[in-house]
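The structure under discussion appears below in the form of structure tokens.
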Amino acid sequence: MKKESRTIIFDNELNIEAYIFKGVMQKFPNHFHKHYVIGFIERGERKLSCLNKEYIVGSGDITIFNPYNVHTCEQINELPLDYRCLNISEEIMEKIITNITETKVNINFSSTVITNLYLSSLIKELHSLITEKSKEFRKEEVFILIIEYLIKYYSISVENNYPIKQSKNIKKVCEFLEKNFDKNISLDILTSLTDFSKYHLLRSFTKETGITPYGYLETIRIEKTKNFLERKISPAETAFLTGFSDQSHFSNFFKKFIGLTPKQYQNIFINKNKPLEEIHE
């Protein structure tokens, strides 16, 4: 059986991450990111759910997730997935959008799944340039062309990147979870912040955000652990700082969401100026 191959490269010039997954069978649980994700499926099929809409995606499809777009996906008929994506922080996206539009505007991309030969060719070219560690300005040129095309044909102006406007009670719970991700949190604590019963809180929170309160907490913890690991804080200390009872639990949790162990992920940033190294599972 062919082993999975997962490669993640951080491009120092564009300040974006490029992921290359080959032969992946893993189901990715319901989660969101605080960054933009522009992906391209090279092989395989997946059942994708995003913002309560379901899609069947396959070879040639482009997938786009805005920050806070809750999504999950799983393989179909045991077919492995070959997938490339670009992870772009809100800060970098804001800069490039301002550069293109010459105005400060908050933009979300309007389509989760796109089939477009021109756009897919640009994404593949940019991925290749990043993988080859190209120093040519063509790399930045292609990046700008991708975002320009998405703005022109697949964008909407929004107040913020939350998928929908949150009620006062749900906003209060979200803010609490973001500030106390490292604490031992219970439903009793969360309901005390609102005038809801536990059932009403679970139902209302999931309806408004697209994810359960615990799923929201898990996603916040993942974002925090990635940040600590990128800053070269050890996996053991990262586990402690993010509220995990032991490093083994943390490592299993991290791999479920990211597909790599914490140490493998951290090595990308420790070795980001060294030759490309693939990680095989």
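Which one is surrounded by the fewest Cβ atoms within 10 Å (Cβ to Cβ), of the residues in the stretch 196-229 that are among the small types (Gly, Ala, Ser) and closer than 20 Å to Asn52 by Cβ?
Out of the qualifying residues, it is Ser204.
Looking only at the stretch 39-72, which residues are farther than 18 Å from Tyr154 by Cβ and buried (at least 21 other Cβ atoms within 10 Å of the Cβ)? Walk me through it before giving the result.
So in the stretch 39-72, the residues farther than 18 Å from Tyr154 by Cβ come out as 42-47, 49, 52, 54, 56, 58-59, 70, 72.
The answer is Gly44, Arg46, Val70.
Can Lys34 be described as among the basic types (Lys, Arg), touching a residue at least 40 places away in the same chain (Cβ under 8 Å) and either assigned to a loop (DSSP other than H, G, I, E, B) or touching a Cys at 6+ places or on another chain (Cβ under 7 Å) (or both)? First the steps, then the outcome.
Working: among the basic types (Lys, Arg): yes; touching a residue at least 40 places away in the same chain (Cβ under 8 Å): yes; either assigned to a loop (DSSP other than H, G, I, E, B) or touching a Cys at 6+ places or on another chain (Cβ under 7 Å) (or both): yes.
Yes, satisfied.
Scan Leu145, Leu86 and give me the residue that is hydrophobic (A, V, I, L, M, F, W, C) and either surrounded by fewer than 13 Cβ atoms within 10 Å (Cβ to Cβ) or in a helix (DSSP H, G or I) (or both). Can you show your working first?
Details: Leu86 fails: either surrounded by fewer than 13 Cβ atoms within 10 Å (Cβ to Cβ) or in a helix (DSSP H, G or I) (or both).
Only one candidate qualifies: Leu145.
Search the stretch 90-115 for residues being touching a Phe, Trp or Tyr at 6+ places or on another chain (Cβ under 8 Å) and part of a loop (DSSP other than H, G, I, E, B), and hand back the single one that is surrounded by the most Cβ atoms within 10 Å (Cβ to Cβ).
First, the residues of the stretch 90-115 that are touching a Phe, Trp or Tyr at 6+ places or on another chain (Cβ under 8 Å): 90, 93, 96, 109-114.
Those still in the list that are part of a loop (DSSP other than H, G, I, E, B) too: 110-112.
Working: Ser110: 14, Ser111: 14, Thr112: 20.
Among residues in the stretch 90-115 that are touching a Phe, Trp or Tyr at 6+ places or on another chain (Cβ under 8 Å) and part of a loop (DSSP other than H, G, I, E, B), the one surrounded by the most Cβ atoms within 10 Å (Cβ to Cβ) is Thr112.
No lab work stands behind these numbers, since they all come straight from the coordinates. Everything numeric here is computed off the predicted structure, so don't read it as measured data. Heads up, the Cβs are rebuilt from the backbone with ideal geometry, glycines too, and the neighbour counts pull from every protein chain shown.
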